[in-house]
Amino acid sequence: MAQVSIAVNGKVRRADVEPRLLLVHFLREQLRLTGTHVGCDTSQCGACTVLIDGRSAKSCTLFAVQADGSEITTIEGLARDGELHPLQQGFWEEHGLQCGYCTPGMIMAAVTLLNDTPKPTEQQIREGIAGNFCRCTGYQHIVNAIQHAAGKR
Amino acid sequence: MTTTPILPKLVGQRVKRREDPRLIQGRATYVDDVTLPGMQHLFFKRSDIAHGRIRRIDASAAQAMEGVEAVFTGAEIAELLGPMPIGTPYSSPAHRAVAVDVVRYVGDPVAVVVARDRYVARDAADAIVVDYEPLPAVVDPELAMKGQPTVIHPEFPNNLAVALVPSGTGVDAAGKVDDSAIDKAFAAAEVVISQRMVNQRLAPCAIEPRGVVAHYELGKGSMTIWSSTQNPHILRTFIAALNGLGQDQVRAIAPEVGGGFGSKINIYAEDYVASAISKRLGVPVKWIEDRSEAFVATTHGRDILGYVDLAAKRDGTVLGLKLRLIADVGAYNMLLTAAIPTLTLLMANATYRIPAVRATLTEVFTNKTPTDAYRGAGRPEATYFVERAMDMLAQELKMDPADVRRRNFIQPHEFPFTTQTGAVYDSGDYEKALNTALEAAGWDRLKAERDAARAQGRLVGLGLSMYVEVCGLGPSSSLPTGGWEHGQVTIERDGRISATTGASPHGQGNETTFAQMLADQFGVPIEHVTIHHGDTAVVKQGVGTFGSRSQAVGGTALHMAGGKVKTKMARFAAALLEAHEADLVFENGRIAVKGAPASAKSFAEVAAFAYVPVPLPEGLEPGLSEEAFFEPANNTYPFGCHISMIEIDRDTGEPTLLKLVAVDDAGNLINPLIVEGQIHGGLAQGIGQALVEEVVYGEDGQLLTGSFMDYALPRATDFPRFELHGCVTPTPVNPLGAKGVGEAGTLGSTPCVVAAAVDALSGFGVRHIDLMLRPEKLWRIIHGGQA
Amino acid sequence: MIPTPFDYARATSLDDAVAKLKASGGRAKLIAGGHSLVPLMKFRLSEPAALIDIARIPGLSGIREQEGRIHIGAGTVHHDVASSALLRDKCPVVADTAAQIGDPQVRHRGTLGGSLAHADPAADYPAVVLALDADIHLKGPKGWRVVKASDFFKDLFTVDMEADEIIVSVQFAPVRAAAYAKLHQRASRYAIVGVAAALDVSGGRVESARVGLTGAGSHATRLTAVEQALAGQPLTPAAIGAAAERAGAGLTHVNADIHASEDYRRAMVPVFTRRALEGALRRATASTAGRQRSGPSSSGTRWR
């Protein structure tokens, strides 16, 4: 077992973990933060995307021990003081989701996209979410949702 | 003084979804989020060969591992569970949830580990040793039909799951076939188009893999099962049956479901096994599918081979169509496997007046993952075969693809129209859809753009496809589950509305659309309406969500239940207001006498009275809760036209979709925002079929596309912005006039993209390109000499 | 998808990492971003008994220029390479290549050293380090060792590294007139064929050229016939086209899979060689016309 100390959504969590415990399982099963999902096993689908030290990453391709000492933001930590994050608002306004399973990862990927490129073109948006699969929406309303959020700045 | 309505009508409005707050904040509960005290985890050891006899399974090392509760082999599971049921009338091989003596596809389960957590379960599976005697793998369906290289199920000679189903002109109810009309059509033909076409195998790939939690409570003798399913009531029926329980003793819950696309209709081995093991061990158990597991363990879609012959006159008039279908259904019949390709037969008439149609269907077992419903389920295949043939006819006659179609359309005054294959199209105006699409796309301008690009040496092409869908699945004569849907509407004591629907959604937004309808029906704020679904303990009855039926069938059932309760509520209100119920209006959260708004009683007041009715109005029972089963008289037949423009890289063969215009007529729309989302998603899957998706098996039956590293799922960068346009031809089949729209996007998009590729490469003499448009395939056409 | 159990240790310094690696006696693997290794471990295609985490070793990541050469720390993630202002200015081909690896999330974690050490036959970086004639600096128990990129890639997933060595940095003389062109495998986004080309240009002529190829064979390799054909040629599309025609002719083993047959891959080698050379030519021309800054926007103020 290894001891980790990880700040998740602003709160430091200490735990003893098996080294092979994937970060996504640490978040979902030990912290019960089940908003982060698992959709594949090859780092393609992006459903497990969280922010690690401010950058989007696929939490299924990381062991929890690797994240020791990091700051992690999950979908549950995005809204502040009961107010939705502009991307959450954008996804709601623009019908950027259907089944919702890819949505948390998609939103977290978009957070990094807009951090890096606050006024993205449509092409930049599409490239910025190229690491996230959505099977429901055909992506168009997701693009609209991110544009909505970008426009609110 | 008259009050103007303060509550806007919601039906037809772009109301944002009520489901979303929980989903965008990570607060929804999918099946993997369900945790119960003492829960054990399952892992399925699966066959890594396509076909073989199990000589021996040694699970002793696995059983001895710390944290392992039990290991069950196929033979042990067979003591708990009978063969898995199917939902079609076709005879089927006995299918054990876990293989007992023979494995028949890569991924066929051979043993199940029950362990403390998923890590230990996975470790233990590695410690199980299975010794196989390999058997030849049956992979090519056309060889399989000759019994080569072997027969998979001895009781099905030549691997014929369904030997031959004839359909079309001159086929009587007993299946007797008279070919004179079709022979005459082909004898009179001035031109005949003949083509073998492949509608390839696809993986549905809901982003949430499947999963199940089963909890048999020994003390109560009852089972609760959470499963990522499109139809909890059907799940309940079968789980009860296989576990020897009554349906009253099983509660099935579809929690939040992360997409289905048809693949979560089937009741799977893992559902049965989880329930049986929970019952045997008396502990809750959970199984969650890995993605690579999903590629072998969740049903595939499509995989139909079509031999198409189209007879026509030189002016483009179609005289006859022959369609010989061979469906590669994989190793077993699942719930609806055998029935899906029959929908291809049913829709072979497409949007055209075809005087004679002969369609036949053969279904073949191979050593592959079984097929079942995948978005469109049989109809995209029919559309593809017929539309590709119409394009080839246009090409042969040097006609515009729009013109050849226009010449053959069923006309608006001909509805209801009975097709040669027995469908009764409810309503339609195909030429209007075509014209709308041509105008919206700027067809003539696009042709000029294409020609200008070609003059520069670019390979640009245009494609067009019509489609007609069969949706709103019912009536009961067509579905072994029953073709109705159930709805119940309750006005609670505080005047708020609880409604239940058997149409259990997984992304379709029924919580919003159904609430829009009820809010309008009762004149109350949508915030006062809650739609419950997905739990058989809450929702009394249901069939489920598939076949684009939620709105047309489920929505109608709720509308009917709402109508019943409204009638009753009006009688209570009439008693309170001392008015005649026919004079009452429901609006703005109040019930008033028409023309006397001051008289109004609030919804809550009337509701409270209905539950404490003193005095009870004569002829009324207390309470406000009514239910309805809606049995549609017929299916609905939405239709449309899709147009695409693509460019192919001359050097590499890589196709790029430049434009996609879709005109879809789904009848009346409840929520255009949600409808657009449904169409976008369907288009993406249809385009995915054309451009990037294909399940590929090796000659040895190994799956070569077993992960997202090799099975390409479309990304955001693969698509242009889709351009949607509508027209509205309501259906007479239900009072809402809504036809359904869940699958439509997949129908026209695939053939129109292939047509555009053929057009782009027409300079190389190509008439047809089989799916999917792999760059190498296109490159070989361009660089024929080098291939 | 659950890996087999392993021991885990975090290295605090390069020497610590080397010592730990040596002590493991070949049982341990290094992990930095883990984006090559972790997926393999999840499929149990790799079952190391121990992992030594080198991600936090000070100085192992970063991009700098020193005495006219660019040094990229092995632990530098693809995103940082892709968005490096220094590389965009001095040697944009490296940034371009990094920007084409995987997807944004992968680029936030995956590292240069990890990609090179793993040596996936379809990885992007190997082509570009070959074209830049980069030196790969390794450290092991016996001290430092420098391997030329052209000697580094040996075979499928096999490089010139001892089990107890670590890639510390990649160093090269920057070349502006260089470009990378790639045919994406549409599922994985790896390269079916990827070609990086770098031109040394003087007085309108190609003094020398280096061309690296990935994706086609068991390991990345230089296309020496193309390099030779270009040497001394005028800097023209015609000369480039003629040289590109020779690309891949001598390849003995060419990969084949469901995404691309051997024929097709062979045919794509000259196509992407030409595209890479054309890109390099454009940059050569632009260099003389005045340097341009291009590429993804660098990260500015945080958005949230």
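How long is the gain from B:D403 to B:S602 if the chain were fully straight, where each residue apart is worth 0.36 nm and the alpha carbon distance is subtracted?
So the chain would gain 65.8 nm between B:D403 and B:S602.
I want to make sure I understand the PRE zone here: with the label point 7 angstrom from the Cα of B:A188 toward its beta carbon, which residues in region B:326-349 have backbone N atoms less than 14 Å away?
none
For region B:713-781 and region B:68-126, what is the separation of their Cα centres, given in Å?
39
Using only Cα atoms, what is the ratio of the radius of gyration of region B:86-162 to 2.2 N^0.38 Å?
For region B:86-162, the normalised Cα radius of gyration comes out at 1.41.
What do you get for GluC sites (Glu not before Pro) in region B:670-766 restricted to DSSP loop and a cutoff of at most 10 other Cβ within 10 Å of the site's Cβ?
B:E699
Whose amide H sits under 5 Å from the amide H of C:D133, counting only residues 5 or more places off or on another chain, with H placed in the peptide plane?
Here nothing satisfies the definition.
At what distance in angstrom do the alpha carbon centres of region B:572-643 and region B:656-685 lie from each other?
34
Under 10 °C and 1.306 mPa s, how fast does region C:8-54 diffuse according to Stokes-Einstein, given a Kirkwood radius computed over C-alpha pairs? Answer in µm²/s, whole number.
D, rounded to a whole number, is 147 µm²/s.
What shape does chain B have by the C-alpha gyration tensor, where a ≥ b ≥ c are the square roots of the eigenvalues, rounded means a/c under 1.5, and otherwise prolate means a/b greater than b/c and oblate the rest?
Oblate is the answer for chain B, as a/c is 1.5 or above yet b/c matches or exceeds a/b.
Using 1/(1 + (r/R0)^6) with R0 = 22 angstrom and r between the beta carbons of B:Q247 and B:R53, what's the FRET efficiency to the nearest 0.05?
After rounding to 0.05, the efficiency reads 0.05.
Answer with one residue from C:V269, C:H184, C:I258: the one whose Cα lies farthest towards the positive end of the charge dipole of region C:178-289, charges on Cβ with Lys, Arg +1 and Asp, Glu -1.
About the Cα centre, the residue reaching furthest to the positive side is C:H184.
If I model a spin label at C:R27 and C:D15 as a point 7 Å from the Cα along the Cα→Cβ vector, what separation in nanometres do I get?
The modelled label-to-label distance comes out at 2.5 nm.
With a ≥ b ≥ c taken as the square roots of the eigenvalues of the C-alpha gyration tensor of region C:90-132, please select rounded if a/c is under 1.5 and otherwise prolate if a/b is larger than b/c or oblate if it is not?
oblate
For chain B, what does -39500 (n - 2.57) per DSSP helix run (n ≥ 4), summed and divided by total residues, give at 222 nm, in deg cm²/dmol to the nearest 500?
Counting only the DSSP helices, I get -8000 deg cm²/dmol.
Label-point separation (nm) for B:D700 and B:L620, each offset 7 Å from Cα along Cα-to-Cβ?
Reported label-point gap for B:D700 and B:L620 is 7.5 nm.
What is region C:155-250's relative contact order, in percent, from Cα pairs under 8 angstrom and six or more apart in sequence?
Relative contact order, region C:155-250: 19 percent.
Run down the lysines and flag those whose C-alpha is under 27 Å from the C-alpha of B:K184, throwing out any fewer than 8 positions away in its chain.
Partners within reach: B:K176, B:K313, B:K322, B:K398.
In chain B, if the dipole is taken from +1 on Lys/Arg beta carbons and -1 on Asp/Glu beta carbons about the Cα centre, which of B:V364, B:I497, B:Y30 is farthest to the positive end?
B:I497
Calculated FRET efficiency, B:S222 and C:E47, Cβ-Cβ r, R0 45 Å, to nearest 0.05?
Plugging the Cβ-Cβ distance into 1/(1 + (r/R0)^6) gives 0.55.
Label B:E449 and B:R314 with points 7 Å out from Cα along Cα→Cβ: what is the distance between them in nm?
3.6
Taking the Cα centre of each part, how many Å lie between region C:78-92 and region B:211-282?
Each part's Cα centre sits 54 Å from the other's.
How would region A:86-151 be classified by its alpha-carbon gyration tensor: rounded, prolate or oblate, with rounded meaning a/c under 1.5 and the a/b versus b/c comparison settling the rest?
Here region A:86-151 falls in the prolate category.
FRET efficiency for B:S476 and C:R205, Cβ-Cβ distance as r, R0 = 56 Å, nearest 0.05?
The value I calculate is 0.10.
Could you order peptides B:47-53, B:185-191 by the average number of other Cβ atoms within 10 Å of their residues, highest first?
Per-residue mean Cβ counts within 10 Å order the peptides as B:47-53, B:185-191.
Let me know the longest stretch in chain C that avoids all GluC sites (Glu not before Pro) found in a DSSP loop with at most 14 other C-beta atoms within 10 Å.
C:163-304
How big is the charge dipole of the protein assembly as shown about its Cα centre, in debye rounded to the nearest 20, if each Lys and Arg gets +1 on its Cβ and each Asp and Glu gets -1 on its Cβ?
The dipole magnitude comes to about 2140 debye.
Which of B:C752, B:C205 comes first, and how do the rest follow, when ranked by fewest Cβ neighbours within 10 Å?
B:C205, B:C752
Excluding residues fewer than 8 places away in the same chain, name every one of the lysines whose C-alpha is closer than 22 Å to that of B:K45.
Reachable lysines: B:K264, B:K279, B:K286, B:K368, C:K42.
Contact order normalised by length for region C:6-107, with contacts defined as Cα pairs under 8 Å and 6 or more residues apart; what percent is it?
RCO, region C:6-107: 23 percent.
Given the options B:A62, B:A50, B:P21, identify the residue whose Cα lies farthest towards the positive end of the charge dipole of region B:1-87 (+1 on Cβ of Lys, Arg; -1 on Cβ of Asp, Glu).
B:P21
For region B:630-784, what's the relative contact order in percent, using C-alpha pairs closer than 8 Å and at least 6 residues apart?
Once normalised by length, the contact order is 38 percent.
Cut-off under 15 Å on the C-alpha distance; same-chain residues fewer than 8 positions from B:K594 excluded. Which aspartates and glutamates are left, in chain and number order?
B:E578, B:E581, B:D583
All other residues with a Cβ under 12 Å from the Cβ of B:I239 taken together, and with Lys, Arg as +1 and Asp, Glu as -1, what is their net charge?
Taking every other residue near B:I239 into account, the sum is +1.
Would you please calculate the Kirkwood hydrodynamic radius of region C:178-289 over all C-alpha pairs and express it in Å, rounded to one decimal?
So the Kirkwood estimate lands at 13.9 Å.
Can you list which of the trypsin sites (Lys or Arg not before Pro) found in region A:30-72 are DSSP loop residues with at most 13 other C-beta atoms within 10 Å?
Hits after loop and neighbour filter: A:R32.
Using DSSP to define loop residues, name the trypsin sites (Lys or Arg not before Pro) in region B:570-670 whose beta-carbon has at most 12 other beta-carbon atoms within 10 Å.
Those satisfying the criteria are B:K594.
Every number in this text was worked out from the coordinates using simple rules, so none of it is lab data. Just so we're clear, the structure is a prediction, and the values are computed from it rather than from any experiment. Cβ sites come from the backbone with ideal geometry, for glycine too, and all protein chains shown count toward neighbours.
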